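Right, one structure below, let's go through it.
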Amino acid sequence: MVDRYGEIIRWVNSRDYRDYAKDIFNRGADPWLIAFASVHQLTVVTLEKSEPQSRKDVKIPDVCIGFGVTCIDTFEMLRSLGVHFHATFEMNRVYKQTS
């Protein structure tokens, strides 16, 4: 996994991201997360959206694409797990107004 982490860092550093974006990404947990998922053939779940033209932020989905790691958002994860939410509403609730 350490080797894959190094590959990810080198990959990010070889791209046209701004230096501060590379630094923030490289110091965080994201490269470790992607390396772990890559080595163990797991799926990464994130709220980030791919922005391949962005230079100010290194986005998790873009790095995942670069390393062939499946990356989905939270809603895709919930759907794939078969999670369903049921809401109930009280239609006749009376609210007291305060003055």
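Here are some notes:
- Fewest neighbouring Cβ atoms within 10 Å first, the residues Ile65, Ile8 line up as Ile65, Ile8.
- In terms of surrounding Cβ atoms within a 10 Å radius of their Cβ, Thr70, Thr46, Thr88 rank from fewest to most as Thr88, Thr70, Thr46.
- For the chain, the tally of Lys pairs with Cα-Cα distances below 30 Å comes to 4, considering only residues 8 or more apart or on different chains.
- Helices in the chain, meaning DSSP H runs of at least 4 residues, each add -39500 (n - 2.57). Divided by all residues, the mean residue ellipticity at 222 nm is -13000 deg cm²/dmol.
- Residues Ser54, Ser80, Ser38 in ascending order of nearby Cβ atoms (within 10 Å, fewest first): Ser80, Ser54, Ser38.
- Dimensionless Rg/Rh of the chain - Kirkwood Rh, Rg from C-alpha atoms: 1.26
- Choice from Ile60, Ile24, Ile72 with maximal GNM fluctuation in the chain (Cα, 10 Å cutoff): Ile24
Only the coordinates and a few stated rules stand behind these numbers; no lab work does. These figures come from a predicted structure and were not determined experimentally. So basically every Cβ, Gly included, is an ideal-geometry build from the backbone, and we count neighbours across all protein chains shown.
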